There are 2 protein chains.
Amino acid sequence: MTVPLPGSQVRGSQTGKPIMALLDLLGRTWALGIIWNLHSGPATFRELQQRCEKISPTLLNTRLKELKTLALIETKHAGYQLSPQGIDLFEIISPLGRWSSQWAQALKEESKS
Amino acid sequence: MTVPLPGSQVRGSQTGKPIMALLDLLGRTWALGIIWNLHSGPATFRELQQRCEKISPTLLNTRLKELKTLALIETKHAGYQLSPQGIDLFEIISPLGRWSSQWAQALKEESKS
DNA sequence: CACCATGCTACAATATTTGTAGCATGGTTA
DNA sequence: TAACCATGCTACAAATATTGTAGCATGGTG
């Protein structure tokens with residue numbers, strides 16, 4: 001799988017519209033999970049593996065490379081961490097935390113009736 | 001693949017925390033793309049297929065079922081459309097449109113230097 | 001030098017996604 | 001009413017992605 005670089009062809013778009021590149025990236029297994037888990041602070045490879053609970057090292061490494069290429073994460077002495085851009089992105093999606101709770105609640109209600 | 005119902009075990013979490021169920025769902029190929037494309041209005045199956053440019057009917061159908069089970073989309077006479085919850089979700093992620101452009105720009109600058 | 005822990009690769013087994021073909025249903029139109 | 005559509009969707013094999021386990025290489029520490 002090639003890195004969904006904005007401007008090049010990506011899944012869902014011939015034109016490489018940035019949003020499509022982004023959706024392609026975020027739609028890959030574990031990409032969102034990694035970003036979400038990194039938000040709570042830098043982590044080493046093995047620690048990140050644990051935060052993600054069940055990711056295989058192969059895939060973790062693959063995603064980390066992609067995310068790095070796309071400047072969403074970076075490596076510092078402390079290990080992997082969100083880049084300023086990554087933080088930006090996280091801030092956009094962070095309301096999903098709250099929203100998902102309400103959603104889960106609503107689904108539960110619904111299944112009762 | 002089973003539907004990532006909040007409360008049950010999902011990819012990335014034994015406990016079924018809603019956010020994990022959501023990230024599992026959104027992390028599946030095309031899930032975000034479908035939501036994004038539906039935002040511009042209801043669509044029939046075939047039309048949605050075109051909006052997504054390259055999705056296979058098999059997968060489109062699979063995702064639609066999942067999204068429907070999870071109450072993010074619904075079917076009306078006009079075809080498939082976002083449910084109120086789906087709209088809610090879209091509103092959270094809609095800033096990604098703008099953000100992705102800046103991001104693409106930044107990546108371009110960076111690759112120059 | 002033995003002993004760890006860490007980052008990461010190898011690789012076969014498994015699961016997901018694609019692509020193409022086409023069936024079944026429900027209108028139109030002739 | 002019968003020949004046409006278009007539509008929603010399924011079948012299924014080929015192509016890709018992901019997992020899981022084992023383990024190598026490197027860089028500390030005692």
Once ligands and nucleic acids are excluded and a 1.4 Å probe is used, how much of B:Asp88 is accessible, expressed in Å² to the nearest 10?
70 Å²
Sorted shortest first, the nm distances from the B:Pro95 label point (7 Å along Cα→Cβ) to its counterparts in the other copies are 0.8
Net +/- balance of residues flanking A:Ile92 in space, Cβ distance below 12 Å, scoring K and R +1, D and E -1
-2
Step through the table entries A:Lys54/B:Lys65; A:Lys108/B:Lys17; B:Lys54/B:Lys76, compare each Cα-Cα distance with 19 Å, and write down the pairs that go over it.
A:Lys54/B:Lys65; B:Lys54/B:Lys76
accessible surface per residue for the stretch A:29-112, probe 1.4 Å, DNA/RNA/ligands not counted, whole Å² -> 51 Å²
Counting only protein heavy atoms and rolling a 1.4 Å probe, how much accessible area do A and B lose on contact, total for both sides, in Å² to 100?
3800 Å²
Using θ = phi - 60° and the Karplus curve 6.51 cos²θ - 1.76 cosθ + 1.60, what whole-Hz ³J(HN,Hα) does each residue of the stretch A:68-82 get, with Gly and Pro shown as x?
6, 4, 8, 6, 9, 10, 8, 10, 10, 4, 6, x, 7, 8, 5
Expressed in nanometres to one decimal, the distance between label points 7 Å along Cα→Cβ at A:Ala78 and A:Glu53 is 2.5 nm
Percent relative contact order for chain B, counting Cα pairs under 8 Å at least six residues apart, stands at 18 percent
Roughly how crowded by other chains is peptide B:70-80, in terms of the mean Cβ count from those chains within 10 Å of each of its Cβ atoms?
1
Carbon plus sulfur, as percent of the 1.4 Å-probe accessible area of chain B, comes to 53 percent
Neighbourhood charge, 14 Å Cβ-Cβ cut-off, centred on B:Tyr80 and excluding it, Lys, Arg +1 and Asp, Glu -1
+3
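The values are calculated or read from the model by the stated rules, or taken from the named source; none is laboratory data. Since this is a predicted model, take the numbers as computed values, not measurements. In this analysis, Cβ positions are derived from the backbone assuming ideal geometry, glycine residues included, and neighbour counts consider all displayed protein chains. Note: areas computed on protein heavy atoms with side chains; ligands, DNA, RNA excluded. Shrake-Rupley method; radii C 1.70, N 1.55, O 1.52, S 1.80 Å.
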